[in-house]
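J.: What follows is a structure written as structure tokens; I'll ask about it next.
The values are calculated or read from the model by the stated rules, or taken from the named source; none is laboratory data. What you see is a predicted model, and the numbers here were worked out from it, not measured in a lab. Note that each Cβ is placed from the backbone with ideal geometry, even for glycine, and that neighbours are counted across all protein chains shown.
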Amino acid sequence: MSRPGDIAGDQLRAVVERIETIDEEIKELTEAKKEIYLEAKGNGFDVKILREVIRVRKQDQQERDELETLLEVYLQAIKGAPPVAKAVAKAVAKAAAKVQAKAA
């Protein structure tokens, strides 16, 4: 007859092995992703812009529209503002973009 600790040990081992397998798959996928970016760079694409396109495509359309509207409002405000206000507006826009990026 098996002890209760044996059953839990087998279950735990199975869970750990599944997690390890997934970690290995993630590692392989990350490497493949790096290779794709290198290929894109070799074909003349700007990787920074490519990453931004991918980030934007992950957003839903409403969120993307809202962000574009806010960006346009901020840029219009900067055009008519004195130099110090422009610097502050740029900093605010940059901070807003970071918040949006973290939310995504």
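J.: Exactly one of these conditions fails for Gln62: (1) modelled with pLDDT of 90 or more; (2) within 27 Å of Lys33 (Cα to Cα). Give me its number.
T.: (2)
J.: On to the next question. Does region 50-58 include one or more residues that are in a helix (DSSP H, G or I), modelled with pLDDT of 95 or more, over 26 Å from Lys94 (Cα atoms) and out of contact with any strand residue (DSSP E or B) (no Cβ under 9 Å at 6 or more places or on another chain)?
T.: no
J.: Further question: Go through the residues of region 5-26 one by one and say whether even a single one is outside the structural domain of Leu71 (by TED's automatic domain parsing), under 18 Å from the mean Cα position of the chain (by Cα), farther than 30 Å from Leu71 by Cβ and modelled with pLDDT of 95 or more. It would help to see each step written out before you state the result.
T.: Of region 5-26, the ones outside the structural domain of Leu71 (by TED's automatic domain parsing) are 5-26.
Checking the rest, the ones that are also under 18 Å from the mean Cα position of the chain (by Cα) come to 26.
The next check asks that each one be farther than 30 Å from Leu71 by Cβ; those that pass are 26.
This time we only want the ones that are modelled with pLDDT of 95 or more, so: 26.
Looking through region 5-26, at least one residue is outside the structural domain of Leu71 (by TED's automatic domain parsing), under 18 Å from the mean Cα position of the chain (by Cα), farther than 30 Å from Leu71 by Cβ and modelled with pLDDT of 95 or more.
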